[in-house]
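Accompanying notes for the structure given below.
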Amino acid sequence: MSSAEELLRSRGLRVTRPRLAVLDVLAAGGHLEVEEITRQVRERLDSVSTQAVYDVLGALSRAGLSRRIEPAGSPARYEARVGDNHHHVVCRGCGMIADVDCAVGEAPCLEPHSAHGFEIDEAEVTFWGLCPSCQARRTADE
Ligand SMILES: [Zn+2]
Ligand SMILES: [Zn+2]
Ligand SMILES: [Zn+2]
């Protein structure tokens with residue numbers, strides 16, 4: 001049994017070929033759009049609908065096997081790095097996304113002055129800026 005199969009079983013999920021294929025695509029790393037995940041899944045399986053990929057991603061996210069992020073102005077992206085409360089830095093120029101380790105390492109990483117009675121379990125932190133190649137392009141344009 002592969003580790004992906006064990007992962008699915010450990011979360012009480014049925015092992016299916018689309019689920020294994022999506023886990024395999026996400027395992028390569030990065031923050032992928034559904035379109036890109038679907039393209040790569042189709043290289044592994046003969047036919048799979050975009051809706052089927054959405055369904056798989058929903059099940060994996062609910063089971064804590066993938067994480068969905070949606071920076072402002074960008075379509076939702078999925079990644080396999082879960083459970084470590086890391087954050088993201090997004091380039092305003094090209095949209096590139098990179099992981100930023102949490103300074104605290106546990107959720108929530110910020111203590112709000114007033115939580116209005118909410119029990120907080122997550123602080124979503126997104127850093128925005130220009131990536132190195134966009135900085136280089138900006139300097140070249142000047
Ligand atoms: Zn950039
Ligand atoms: Zn990430
Ligand atoms: Zn943090």
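The values are calculated or read from the model by the stated rules, or taken from the named source; none is laboratory data. For clarity, every value in this text was computed on a predicted model and none was experimentally measured. Here the Cβ positions follow ideal geometry from the backbone for every residue, glycine too, while neighbour counts run over all protein chains shown. Note: areas computed on protein heavy atoms with side chains; ligands, DNA, RNA excluded. Shrake-Rupley method; radii C 1.70, N 1.55, O 1.52, S 1.80 Å.
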Between residues in segment 125-142 that are away from ligand 2 (no atom under 16 Å from the Cβ) and residues that are part of a helix (DSSP H, G or I) and open to solvent by 100 Å² or more (accessible area, probe 1.4 Å), which pairs lie under 8 Å by C-beta distance while being six or more apart or on different chains? Leu130/Arg138
Out of everything in segment 82-120 that is open to solvent by 80 Å² or more (accessible area, probe 1.4 Å) and touching a residue at least 24 places away in the same chain (Cβ under 8 Å), what residue ends up being farthest from ligand 2 (Cβ to nearest atom)? Arg92
When segment 1-33 is examined, which residues are found to be assigned to a helix (DSSP H, G or I) and surrounded by fewer than 17 Cβ atoms within 10 Å (Cβ to Cβ)? Ser3, Glu5, Glu6, Arg9, Ser10, Arg17, Asp24, Ala27
Can you report the number of residues in segment 52-81 which are within 15 Å of ligand 1 (Cβ to nearest atom) and either in contact with a helix residue (DSSP H, G or I) (Cβ under 7 Å, 6 or more places away or on another chain) or open to solvent by less than 50 Å² (accessible area, probe 1.4 Å) (or both)? 2
